[in-house]
1. Which of the residues that make up region 271-296 are open to solvent by less than 20 Å² (accessible area, probe 1.4 Å) and more than 28 Å from Val128 (Cα to Cα)?
2. Of these, Gln233, Gln162, Gln157, which one is closer than 19 Å to Ala284 by Cα, at pLDDT 95 or above and not hydrophobic (A, V, I, L, M, F, W, C)?
3. Within region 331-351, which residues are out of contact with any strand residue (DSSP E or B) (no Cβ under 7 Å at 6 or more places or on another chain), at pLDDT 95 or above and not polar (S, T, N, Q)?
4. Determine, yes or no, whether Asp363 is closer than 25 Å to Val522 by Cα, touching a Gly at 6+ places or on another chain (Cβ under 6 Å) and open to solvent by 10 Å² or more (accessible area, probe 1.4 Å).
5. How many residues are open to solvent by 40 Å² or more (accessible area, probe 1.4 Å) and either farther than 17 Å from Thr192 by Cβ or touching a strand residue (DSSP E or B) at 6+ places or on another chain (Cβ under 8 Å) (or both) when one looks only at region 153-170?
6. Here are some residues: Lys85, Lys93. Which one is of a type in the set (Lys, Arg), within 21 Å of Leu341 (Cβ to Cβ), free of Cβ contacts under 8 Å to residues at least 24 places away in the same chain and open to solvent by 10 Å² or more (accessible area, probe 1.4 Å)?
7. Quickly run through region 219-240 and pick out the residues that are under 22 Å from Met437 (Cβ atoms), touching a helix residue (DSSP H, G or I) at 6+ places or on another chain (Cβ under 7 Å) and open to solvent by less than 10 Å² (accessible area, probe 1.4 Å).
8. Working only within region 241-264, note down all residues that are open to solvent by 40 Å² or more (accessible area, probe 1.4 Å), touching a Gly at 6+ places or on another chain (Cβ under 8 Å) and touching a residue at least 60 places away in the same chain (Cβ under 8 Å).
Amino acid sequence: MTDDGNLLGRRQEFLNLFNFIFHAGKGTTNYLIIESALFLNITTHIPKKSYFCKKVSYTYYYIAVQTSKTGIDFEKVAKARLHAKAIAEGVQKFADNYTTVAVERTLCRLLGIDGIDNHAVPLPNVVVEHVSEQGILSKGVVFALGNAMVETKLSPQKIAEQIADDKLNIARLPIHSDEEITSVIQPVVHATIERIKGNRQRRENYLKTIGEGSKPYIYVIVATGNIYEDVVQAQAAARQGADIIAVIRTTGQSLLDYVPYGATTEGFGGTFATQENFRIMRKALNEVSEEIGRYVRLCNYCSGLCMPEIAAMGALEGLDVMLNDALYGILFRDINMQRTLVDQYFSRVINGFAGVIINTGEDNYLTTADAFEEAHTVLASDFINEQLALLAGIPEEQMGLGHAFEMDPTLENGFLYELAQAQMTREIFPKAPLKYMPPTKFMTGNIFRGHVQNALFNAISIWTGQGLHLLGMMTEAIHTPFMSDRYLAIENAKYIFSNMKNIGDDVQFKEDGIMQQRAKYVLDKATELLSNVEHEGLFTALEKGLFANVKRSKTGGKGLAGVMEKAEGYMNPFINNYIANHRGGTEEQKDNNLFNNPLRKPFAPLRLKII
């Protein structure tokens, strides 16, 4: 901008620039810094709903110019985010005061305890049950193990083995000072942190050297029950073009209050999530990544009663993506909400530190509720999951917030509604690698119609710039996919992604047409729901069935007995190390993220000072 000229000339110069940005129409955000006098002179000349402003000093205003294909009001987006922020803070206030047996078992694993006893019980379970029986678990298993390390001079693994052999009762040992305990624990903590950092560096080195597929990432599932057969299918899928391989868990594993040990060859509708299985599959995908010259990510599932344990195992073995929803276990597995909301926090702290993309499970809402009528609940849950993730230190770039193509295919203009919602979600969460889920509820076994449904889903994904694209299978609702089914699904997606690559850049939405009206309606309903949840509190909202039409009791469900209030002196050194005594990043990141500044809009391709 020029340094001279009168106010009128500078106003016109600004308006020309503003109109150029606003009508670019790509759903992006640009930032401007503008002199206060000029700002006050031009505000009546620009559409109010198209920008945010913040006075950053006596002299300057900060303006974010947001363009939107869907025509949504970004003041309402900011309002929805503020409601979600308040909801998340209420949950976090509770979670900060409690621990669970799963959190304590996770700490055992992070301190290097692994293996099983003579009865095939995992040693982390053995230690936590022992400490709990002695009545000292509320101070944390780290305190108990650290005190035993000072007294016995043994490693955590050796202490666990002695407990399993009934050779040691750590509650009977003399109590040492916190300083002594910290001094022996800290080297073990440091070693684990360095191991996880090393896995993250390995991933980043692969991405820099051999690269990765373009977004949307083609994301497929293997589910044979046998980890060695899964390897064969996963490598075949990678060679066919898959970018992410998810090894779906055996039926019911989310309800087990322990993690099985070792490599497994039998499962039911999936394969057990174990640390050894993670290691085997990560090694296989590294091999095929080097072969094909493209990094292939590994995904698994840390939901259920062992949520933070599985997150820790994934971090230790170099997984890249984890299903890690705050509400899924409550709604769809009837796991106690208190247990889940404490567990989800520590699991997300671990995933954030490890650079793991978390996937949330809002698509599941639409299996129990109508996708057209209840679309706003998906968006509301995305807002809540975003804010809970920020509290755990997860950056927006690691939030695979979920939504789905699940409307009844007989619904007139259903494609337009789906397109509107996908574009709206992209505009509201522009930096998130959104996880877009395929049609499942209305897949009938007619493989020809199913292939067309998947093609429409693929078209919307590339059109709206989704991040993680879980491929639909034409044999959905018939059987677990054959490798040939997976091949046809990948072929379908690659054809459409290439043939329609830039359609989102060229095609605009009709002003106040069907799609714009749909997006505005869903946002309005989601904002209203979030306001109600903020008023009620999340626990009460879940009891009333405000999500997925499923009601859960605060004191019901599985796992409540494993929740306990923290005692004075409770120890969890990994929390402080992982999020560095603050939530949401460095001071600069704090000022720039959506938790601390919900009015901030991501993307900053243009920054200008108007003098």
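The values are calculated or read from the model by the stated rules, or taken from the named source; none is laboratory data. None of these values were measured; they are calculated from a predicted model. For neighbour counting, all protein chains shown are included, and Cβ atoms are generated from backbone atoms with ideal geometry for every residue, glycine included. Remember, those area values only see protein heavy atoms, side chains included, never the ligands or the DNA or RNA. Shrake-Rupley method; radii C 1.70, N 1.55, O 1.52, S 1.80 Å.
1. Correct list: Met281, Arg282, Ala284, Leu285, Val288, Ser289, Tyr295, Val296.
2. Details: Gln162 fails: closer than 19 Å to Ala284 by Cα; Gln157 fails: closer than 19 Å to Ala284 by Cα.
After applying the criteria, what remains is Gln233.
3. Step one: list which residues in region 331-351 are out of contact with any strand residue (DSSP E or B) (no Cβ under 7 Å at 6 or more places or on another chain), which gives 331-333, 337, 340-341, 344-347, 349-350.
Narrowing further to those that are at pLDDT 95 or above: 337, 340-341, 344-347, 349-350.
Across region 331-351, the qualifying residues are Met337, Leu341, Tyr345, Phe346, Val349, Ile350.
4. Values: closer than 25 Å to Val522 by Cα: yes; touching a Gly at 6+ places or on another chain (Cβ under 6 Å): yes; open to solvent by 10 Å² or more (accessible area, probe 1.4 Å): yes.
Against the criterion (closer than 25 Å to Val522 by Cα, touching a Gly at 6+ places or on another chain (Cβ under 6 Å) and open to solvent by 10 Å² or more (accessible area, probe 1.4 Å)), Asp363 qualifies.
5. Taking region 153-170 and keeping what is open to solvent by 40 Å² or more (accessible area, probe 1.4 Å), we get 153-155, 157-158, 161-162, 165-167.
The next check asks that each one be either farther than 17 Å from Thr192 by Cβ or touching a strand residue (DSSP E or B) at 6+ places or on another chain (Cβ under 8 Å) (or both); those that pass are 153-154, 161-162, 165-167.
So the answer is 7.
6. Details: Lys85 fails: free of Cβ contacts under 8 Å to residues at least 24 places away in the same chain.
Sole residue among the options that is of a type in the set (Lys, Arg), within 21 Å of Leu341 (Cβ to Cβ), free of Cβ contacts under 8 Å to residues at least 24 places away in the same chain and open to solvent by 10 Å² or more (accessible area, probe 1.4 Å): Lys93.
7. First pass over region 219-240, keeping only residues under 22 Å from Met437 (Cβ atoms): 219-224, 230, 233-234, 237-238, 240.
In the following step, the residues that additionally are touching a helix residue (DSSP H, G or I) at 6+ places or on another chain (Cβ under 7 Å) were identified as 220, 222, 224, 230, 233-234, 237-238, 240.
If the condition is that a residue be under 22 Å from Met437 (Cβ atoms), touching a helix residue (DSSP H, G or I) at 6+ places or on another chain (Cβ under 7 Å) and open to solvent by less than 10 Å² (accessible area, probe 1.4 Å), then Val220, Val222, Asp230, Ala234, Ala237, Ala238 are the ones that fit.
8. As a first pass, look at region 241-264 and keep what is open to solvent by 40 Å² or more (accessible area, probe 1.4 Å): 248, 251, 255-258, 261, 263.
Now narrow it down to the ones that are touching a Gly at 6+ places or on another chain (Cβ under 8 Å): 248, 251, 255-257, 261.
If the condition is that a residue be open to solvent by 40 Å² or more (accessible area, probe 1.4 Å), touching a Gly at 6+ places or on another chain (Cβ under 8 Å) and touching a residue at least 60 places away in the same chain (Cβ under 8 Å), then Leu255, Asp257, Tyr261 are the ones that fit.
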